[in-house]
Every structure is written in C-alpha cells, then in structure tokens.
1. Of the residues F109, F133, which is among the hydrophobic types (A, V, I, L, M, F, W, C), touching a Lys or Arg at 6+ places or on another chain (Cβ under 8 Å) and under 17 Å from F172 (Cβ atoms)?
2. Which of the strands (runs of 3 or more DSSP E) found entirely inside region 4-122 contain at least 2 residues meeting this: loosely packed, with under 15 Cβ neighbours inside 10 Å and modelled with pLDDT of 95 or more?
3. So F133 fits all but one of (1) under 22 Å from G96 (Cα atoms); (2) more than 19 Å from the chain's Cα centre (by Cα); what number is the exception?
4. Residues to consider are A45, A22, A18; find the one that is farther than 27 Å from S156 by Cβ and either charged (D, E, K, R) or assigned by TED's automatic domain parsing to the domain that holds L66 (or both).
Amino acid sequence: MNPSSDLVLFHNPHSRAAMTRALLEELGVDYELRVIDFRKDEQLAPEYLVINPMGKVPAIRHKGTLVTETVAIYIYLADVFRQADLAPALDDPQRGTYVRWLVFYAACFEPAVGDRAMKREPAPRAQSPYADFDTTINAITSALQPGPWLLGERFSAADVLWGNALRWLTGFGMVEATPVIADYVARVMARPAEQRAIKADEALAAGMGLTG
C-alpha cells in the first residue's frame with residue numbers, strides 16, 4: 001500500500017471489498033486504503049455517499065475517476081493495469097468468455113445466492129434473471145470443470161473474483177463445497193497475492209477489533 005497512490009480503495013475487511021483488495025494484490029499495484037467502519041455507519045456518511053450513493057463498498061478512485069460495483073471495478077482495473085496480464089485484450093478470442101463469467105457473477109449468481117439465503121422463491125422462469133439456484137450453480141460448475149481456470153490454462157481476473165466469492169460462500173455454507181468448487185478455491189487461494197490479501201485483511205480486522 002502507498003498512502004500517496006493515485007489509486008484509492010474504500011474498504012472494509014468484512015465485506016466484498018476484500019475481493020477487490022485481492023485483485024489489487026494480484027495486479028501488483030500501489031494503492032491507498034481508506035477503511036470504512038460499518039459500526040460507525042461511515043458508509044452512510046454524507047462524504048461517502050458522494051463516492052457511492054448506495055452506501056456500499058468497495059469503491060475505488062483512480063486519478064479522479066470513481067468506480068463502484070465489484071464487477072465494474074474488476075473490468076476497469078484489469079484493463080487499466082494491463083502489465084499484469086489478467087484480462088484478455090478486446091480483440092482476444094477469450095475476451096467474450098472472460099467478460100461473460102465476470103458479469104454472470106453479478107447478474108445471476110449474486111441474485112440466486114441472495115434469494116436462497118433469504119429463503120425467497122425465485123421469480124417465474126420467464127422473469128427470473130437467473131432461472132433457479134441449481135441451474136446457476138450448475139452453469140458455473142460446468143465452466144470450472146475443465147480447469148484449471150475459467151479460461152483454461154490462462155489465469156485471469158475472473159478467477160480472482162470467483163475464487164474469492166466461492167471461498168466466502170462455501171465457508172458460510174451458502175454454496176456446497178463440491179470437489180470441483182473446493183479444488184478451484186484451493187488453487188486460487190494458494191497464490192501468493194491471495195495469501196497477502198488474506199493476511200492483510202486479517203490484521204486489519206484484528207486492529208479494528210472485529211471478530212469472526
């Protein structure tokens with residue numbers, strides 16, 4: 001981290017912002033951390049609502065440009081910091097698959113998991129963004145099955161996103177840790193950048209007096 005960096009991450013260690021911190025570590029770029037304390041409702045403070053009117057983290061500010069929403073942040077960062085080679089170029093044949101699975105996370109997977117966690121029935125098939133939970137899980141599992149990564153032999157920002165999301169969700173029992181999913185999460189988490197991000201957030205949480 002660099003307190004004078006052009007890149008700022010608005011962050012809480014017990015939030016989806018941890019997924020963005022993992023990506024920043026994979027990219028190997030300097031960034032400044034601005035911690036948002038939920039216990040003090042700092043995410044709802046007027047100065048933060050200017051950054052993200054939804055009162056959510058993560059958000060980033062890069063050279064004056066604000067970006068919110070995890071998937072948008074992933075697409076932006078991986079494209080801006082191309083030296084890390086975590087995003088296929090626009091004319092790369094794998095670009096479509098890469099973008100597909102990034103967007104699938106926000107458009108289908110999160111709504112499916114959210115409805116299941118809240119014990120809400122999905123909307124009728126013709127109106128549901130994700131069909132049903134099993135169809136959604138089967139889709140991502142099928143994409144992971146060939147391995148080792150979503151783009152085959154090529155590791156990308158999509159794997160950072162899915163590896164971290166599935167780690168969190170299987171840890172809380174919200175998604176079953178099938179062999180395909182568990183092995184994939186283990187591969188992602190074995191990466192040095194992931195370990196740096198995890199340890200940094202564990203230390204930050206401890207310093208904030210957060211538990212669990």
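1. F133
2. 65-68
3. (1)
4. Values: A22 fails: farther than 27 Å from S156 by Cβ; A18 fails: farther than 27 Å from S156 by Cβ.
Of the residues listed, the single one that is farther than 27 Å from S156 by Cβ and either charged (D, E, K, R) or assigned by TED's automatic domain parsing to the domain that holds L66 (or both) is A45.
The values are calculated or read from the model by the stated rules, or taken from the named source; none is laboratory data. Only a predicted model underlies this, so the values are computations on that prediction, with no experimental measurement involved. Neighbour counts run over all protein chains shown; Cβ positions are idealised from the backbone, glycine included.
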